[in-house]
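Notes follow once the structure below has been shown.
Just so you know, all these numbers are worked out from the coordinates, no wet-lab data involved. These numbers were taken from a predicted model, which means no experiment stands behind them. Note that each Cβ is placed from the backbone with ideal geometry, even for glycine, and that neighbours are counted across all protein chains shown.
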Amino acid sequence: MRAPQGNRYRDSWCGELGGDDVGRQARVAGWVHRRRDHGGLIFIDLRDRSGILQIVFHPERGAELFALAEQLRPEHVVSVSGELLARSAENVNAEMATGTVELEVSEGETLASSHTPPFAIDEDGPVDETTRLRYRWLDLRRAGMQQTMITRALITQTLREELVARDFLEIETPILTKSTPEGARDFLVPSRMNPGDWYALPQSPQLFKQLLMMAGYERYFQIARCFRDEDLRADRQPEFTQLDVEMAFVDEDQVIEVSEAAIAAVFAATDFEIAPAPWPRIGYDEAMLRYGSDRPDLRFGLEIKDVSEQLRGSDFKVFESVLSGGGTVRALNAGAREMSRSELDSLNEVVQVHGAKAVAPIIVGDGGWTGNLAKFFTAEQIAAANSALEASDGDLLCFVADSATVAPVAIGALRLALAARFDLIPADQHSACWVVDFPMFEADAESGGLTALHHPFTAPEGDLDDPASLRSRAYDLVVDGNELGGGSIRINTPEVQSRVFDAIGLDADEAKARFGFLLEALEYGAPPHGGIAFGLDRIAALVCGRDSIRDVIAFPKTASGADPLTGAPAPADARQLRELGIKPQTPPAAG
Ligand code: ASP
């Protein structure tokens, strides 16, 4: 770090002092990290943002100064000055960046005192998360959190530099706006000046970035806050940050190329080891077949095979009824693995979460199958399945038979569970790929109609008269089974946009009411354009090796969307509600 601006508090950073500074006077300021009393001397590890420095108080430097030292407790704030000394050889601490020196205090001042913290700041041990969030300002002082916050800032800075170097303009878009459909519920904000009307917080800047392309700002980016009112899962927050990008006059290749440059730069800056770009592209259908997921984790094998044809016509009723009903049998070869009966049974739970009934496990022996399922299959069927699965004696084969929508996803989950169970995921090896050629629509469970798999501004490919068969020009970047980003080439004519709205059941009037401004802009010369958005929180969690994005967000919310620090969300006062024309809700009576 560059030397701090000298003032009455300090002229040096704690963590930057070293051998070259020995013999000079230095003034440092920070928090008491640790304090040790040693036969008449008091040692303090003093911490500031740059690191930790050992400072020493000698009783012979004066009673007043020593009394100050005796009163210091963890997290008190002090400023001290004195001479920087080399430590004697036996006192050098090789674990500490500043371990060869110490500051002998000749002057000091306590700037603030601290209550005893509810958890230790000088160690990174586990602490209950609600306590961490309630005292976030203390949690953020801990080394682990400090490291993730610094890494996160480095990521943002790297992305900015890469994009600015490629002529992208950073442009802000509104937070108080209208609904943007990204498949979640909106957060709504009442308008005091327009009683009865509401703003929506943006689920993404999608429509504004498209309008910017139509406005001629051909390369745009924004580090954008997005808001989605969803039931929270481990890696979700009601507000999160995206790197949002849009480009005009491009095809998929150019968006992917810019994305790879920016994300690879982040990986390089954070020492995240991964194969250099370009990263492989996998079609959606192939990803679903081989990995049972549109977020395939390519760090291990256990590839899935469709063995429907090999096993059709057997005496095994379960498979036969699935196959005759248009379903599919998917299988994977788990290799020569030992699993107890109860472990095998527990695999059922993994697939049941995804709607499948059970896993049929089979052990290969003497070229055939052992166990009581074998008798339902002919030797040819067994040989054909073994050959498809490259099975040899001792291998554990797992089969899942179900509908063409359930079976792939269920066995995909099984693939991940087996990889975790057998420790097949290398801790420090990473793998990226693009998933491309998505279907444009999927069936909407609620309405029974179609809904856009990405969003309805994605350009379709294929026959518009047969919406269910359309593919989309979308692409997702997947790293280690996490979707880091996704985007698409967009629709740039009002005709196609209207057809897509129509396909998702949005009639012309409703389309006009919700997206009239977009449809109108499309009438005034909209260039071909496309873009992408990356989940910054997820990228930060990935490169920091954290399971939860809460660990890379300075002030996150709990799983129920609450902030134990500020107490948000909280009741609004009656006057505010009156001004907004909202009737206060009385909580439902107990019982
Ligand atoms: N708006 C999309 C999203 O938030 C990303 C994009 O299509 O650029 O997922």
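Dividing the mean sequence gap of close Cα pairs (under 8 Å, 6+ apart) by how many residues the stretch 117-240 holds gives a relative contact order of 20 percent. The packing ranking of peptides 507-517, 451-461, highest mean first, is 451-461, 507-517, where packing means the average number of other beta carbon atoms within 10 angstrom of each residue. Of all lysines in the structure, those lying under 30 Å Cα to Cα from residue 557, and not within fewer than 8 positions of it along the same chain, are 178, 209, 583. Maximal additional length on extending the residue 349-residue 559 stretch stands at 73.2 nm, based on 0.36 nm per residue less the C-alpha distance. Classified by the C-alpha gyration tensor, the stretch 57-116 has an oblate form. Its axis ratio a/c, with a ≥ b ≥ c, is 1.5 or above, and a/b does not exceed b/c. Its relative contact order, with pairs defined as Cα atoms under 8 Å and 6+ residues apart, puts the stretch 49-173 at 23 percent. State whether the stretch 294-419 is rounded, prolate or oblate according to the following rule on the C-alpha gyration tensor (a ≥ b ≥ c being the square roots of its eigenvalues): a/c under 1.5 gives rounded; otherwise a/b larger than b/c gives prolate, and the remaining case gives oblate. Rounded shape, in that the Cα axes give a/c under 1.5. Annotation for the stretch 231-261 versus the stretch 467-491: alpha-carbon center distance of 10 Å. According to a simple spin-label model (label point 7 Å from Cα along Cα-to-Cβ), what is the distance in nm between residue 405 and residue 170? The two pseudo-label positions are separated by 4.3 nm. If only the Cβ of Lys and Arg carry +1 and only the Cβ of Asp and Glu carry -1, the dipole of the chain around its Cα centre is close to 1560 debye. Counting every other Cβ atom within 10 Å of each residue's Cβ, 382, 532 order from fewest to most as 382, 532. Summary of the geometry: the stretch 39-69 and the stretch 527-572, compared by the centres of their Cα atoms, lie 40 Å apart.
Please sort through the DSSP H helices of the chain and keep those with an alpha-carbon extent of at least 20 Å along the long axis and a Kyte-Doolittle average not below 1.0. Passing helices, by number: 406-421. Computed per residue of the chain from DSSP H runs no shorter than four, each worth -39500 (n - 2.57), the mean residue ellipticity at 222 nm is -8500 deg cm²/dmol.
In whole Å, how far is the Cα centre of the stretch 413-444 from that of the stretch 332-346? Each part's Cα centre sits 20 Å from the other's. Using Cβ point charges alone (K and R +1, D and E -1), the dipole size of the stretch 217-299 about the Cα centre works out to roughly 240 debye.
Compute the Cα gyration tensor for the stretch 85-240, then decide on rounded, prolate or oblate, letting a ≥ b ≥ c be the square roots of its eigenvalues: rounded whenever a/c is under 1.5, prolate when a/b is larger than b/c in the other cases, and oblate in all that remain. Note, shape of the stretch 85-240 comes out prolate.
Here the contact order of the chain, divided by its residue count and restricted to Cα pairs under 8 Å and six or more residues apart, works out to 13 percent.
Projecting the Cα atoms of 356, 179, 250 onto the charge dipole of the chain (Cβ charges, centred on the Cα centre) puts 179 farthest toward the positive pole. To the nearest µm²/s, what D does Stokes-Einstein give for the chain at 37 °C and 0.692 mPa s, using the Kirkwood radius over alpha carbon pairs as Rh? Estimated diffusion coefficient is 115 µm²/s. Charge tally around residue 53: other residues with Cβ under 10 Å, Lys/Arg +1 each, Asp/Glu -1 each, net -3. Here the stretch 408-548 yields Rg over Rh of 1.07, to two decimals, using C-alpha coordinates and the Kirkwood radius.
Any idea what diffusion coefficient the stretch 1-110 gets from Stokes-Einstein, in µm²/s, Kirkwood Rh on alpha carbon pairs, 37 °C, 0.692 mPa s? Rounded, D is 241 µm²/s. Of all lysines in the structure, the ones whose alpha carbon falls short of 27 Å from that of residue 305, not counting any fewer than 8 places away in one chain, are 317, 357, 375.
When 161, 303 are arranged by Cβ crowding within 10 Å, least crowded first, meaning fewest neighbours, the order is 161, 303.
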